[in-house]
1. Name the one entry in 138, 152 that is over 24 Å from residue 36 (Cα atoms) and free of Cβ contacts under 8 Å to residues at least 60 places away in the same chain.
2. Answer with yes or no whether residue 92 is of a type in the set (A, V, I, L, M, F, W, C), within 17 Å of residue 126 (Cβ to Cβ), in contact (Cβ under 8 Å) with a residue 12 or more places away in the chain and touching a strand residue (DSSP E or B) at 6+ places or on another chain (Cβ under 8 Å).
3. Residue 42 fails exactly one of the following numbered conditions: (1) polar (S, T, N, Q); (2) closer than 23 Å to residue 128 by Cβ; (3) in contact (Cβ under 8 Å) with a residue 24 or more places away in the chain. What is the number of that condition?
4. Taking only the range 1-14 into account, find how many residues are open to solvent by 70 Å² or more (accessible area, probe 1.4 Å), free of Cβ contacts under 8 Å to residues at least 24 places away in the same chain and not hydrophobic (A, V, I, L, M, F, W, C).
5. Can you pull out the residues in the range 1-15 that are of a type outside the set (Val, Ile, Thr) and either within 17 Å of residue 61 (Cβ to Cβ) or at pLDDT 90 or above (or both)?
6. Every residue in the range 92-135 that is in a strand (DSSP E or B), open to solvent by 20 Å² or more (accessible area, probe 1.4 Å) and either among the hydroxyl-bearing types (Ser, Thr, Tyr) or in contact with a Lys or Arg (Cβ under 6 Å, 6 or more places away or on another chain) (or both), please.
7. Select, from 110, 67, 63, 116, the only residue that is farther than 28 Å from residue 16 by Cα and touching a Phe, Trp or Tyr at 6+ places or on another chain (Cβ under 6 Å).
Amino acid sequence: GAGTNVANTWAPELYYDEEEQEYLVVWASNLNNGPHKLYSFTTTDFNSFTAPAEFYYAGQTVIDGMIARDEANDRYLMAVKDELNGFKNVWLATSADAQGPYVRGAAPVIGPGSGIEPNAVEGPSIIKIGDTWQLHYDAYGAGYLGVATSTDLQTWVNRTAEAKLPNTVN
């Protein structure tokens with residue numbers, strides 16, 4: 001019979017789920033020429049693994065999902081490139097559990113229409129240092145790396161110019 005054609009496996013991310021005491025691996029693939037979706041599996045020992053399963057899909061191509069614990073709000077965040085309406089933006093999705101389900105936020109955080117970054121973006125990396133969230137991203141078409149910060153996950157400030165991040169794209 002016909003099998004599943006997996007065109008790629010992009011941007012695997014590893015997250016240790018303390019509640020479940022297992023590692024969660026999340027990546028993007030497109031199956032049988034469909035849209036890119038996030039898939040996952042779990043493991044406790046890197047010798048045995050659960051079967052891969054769809055992890056996150058919000059109706060449009062999604063790639064580059066990175067999970068972080070939001071202790072202050074007792075939830076999990078996922079920074080993800082989401083191509084809703086054809087734009088290449090970074091969104092935050094939230095969940096009560098590390099392994100989902102995740103719900104996309106109301107508006108993009110980074111990228112066209114966000115008020116932070118006009119260029120197409122991908123490759124988000126999110127971390128909280130002290131009281132401040134840092135959301136790093138790749139403005140790949142424009143050829144630079146960027147960073148925005150927030151203390152409340154609602155209001156973001158573009159810190160790219162002051163960060164003086166090197167151009168590692170070209």
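1. 152
2. Yes, satisfied.
3. Result: residue 42 passes all but (2).
4. The first filter runs over the range 1-14 and keeps only residues open to solvent by 70 Å² or more (accessible area, probe 1.4 Å), leaving 1-2, 4-6, 9-10, 12, 14.
From what is left, the residues that are free of Cβ contacts under 8 Å to residues at least 24 places away in the same chain are 1-2, 9, 12, 14.
Now drop any that are not not hydrophobic (A, V, I, L, M, F, W, C), which leaves 1, 9, 12.
Adding up the residues that qualify gives 3.
5. 5, 7, 8, 10, 11, 12, 13, 14, 15
6. Within the range 92-135, 94, 122, 125, 132 meet the criteria.
7. Working: 110 fails: farther than 28 Å from residue 16 by Cα; 67 fails: farther than 28 Å from residue 16 by Cα; 63 fails: farther than 28 Å from residue 16 by Cα.
Going through 110, 67, 63, 116 in turn, just one is farther than 28 Å from residue 16 by Cα and touching a Phe, Trp or Tyr at 6+ places or on another chain (Cβ under 6 Å): 116.
Results for (1) out of contact with any His (no Cβ under 8 Å at 6 or more places or on another chain); (2) in contact (Cβ under 8 Å) with a residue 40 or more places away in the chain; (3) closer than 26 Å to residue 9 by Cβ, shown as yes or no for each residue.
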{"position": "53", "(1), (2), (3)": "yes, no, yes"}
{"position": "109", "(1), (2), (3)": "yes, yes, yes"}
{"position": "128", "(1), (2), (3)": "yes, yes, no"}
{"position": "143", "(1), (2), (3)": "yes, no, yes"}
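The values are calculated or read from the model by the stated rules, or taken from the named source; none is laboratory data. Everything quoted here is computed from the prediction, not taken from an experiment. Methodologically, a virtual Cβ is constructed for each residue, glycine included, from the backbone with ideal geometry; neighbour enumeration extends over all protein chains shown. The area values use the complete protein model at the heavy-atom level, side chains included, leaving out ligands, DNA and RNA. Shrake-Rupley method; radii C 1.70, N 1.55, O 1.52, S 1.80 Å.
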